[in-house]
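Values in this text are rule-based calculations from the coordinates and carry no lab data. Every value quoted in this text rests on a predicted model; they were computed, and no experiment measured them. As a convention, Cβ positions derive from the backbone with ideal geometry for all residues, glycine included, and neighbour counts pool all protein chains shown.
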Amino acid sequence: MSKSNPDPMNRKPAALAMPPNPAANGRPRRKWTPARKLQLVLETLQSDRQLAEICRREGLSPNLVYLWRKQLLGSAEAIFGPKPRGGVDPRTEKLAADNVRMKSVIAEITAENLELKKTLWD
């Protein structure tokens, strides 16, 4: 066979081909700091400017901004949710005390059971 016509048996299937390099377009991949992400998301929420205009200015995808919005709004419940008041939660404290009490009862019953077995077989 000639070199200009490659052997079809030696070609890699499309599924096994390597994915494109993210820096293949000549630009390195950018790292957005959390503070910058927050600033951009808040700007898109507060500003009269269109999301597309801000994305064009910053050179990012609107889908990425929507993802950041979703992450921000998803974590809002943790920020505004109930906070434990200083120290240990009273419910957790009660459950821990009940757990210790139940374990001691189990240990006592197990020891009593062993004593009864010893006296039965003697």
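Which trypsin sites (Lys or Arg not before Pro) in region 58-95 pass both tests, a DSSP loop state and at most 10 other beta-carbon atoms within 10 Å? List each step's numbers first, then the result.
Details: sites: Arg69, Lys70, Arg85, Arg91, Lys94; in loops: Arg85.
Sparse-neighbourhood loop trypsin sites (Lys or Arg not before Pro): Arg85.
Tell me the label-point distance for the pair Glu53, Arg30, using the 7 Å Cα-to-Cβ offset, in nm and rounded to one decimal.
Here the answer is 1.8 nm between the modelled labels.
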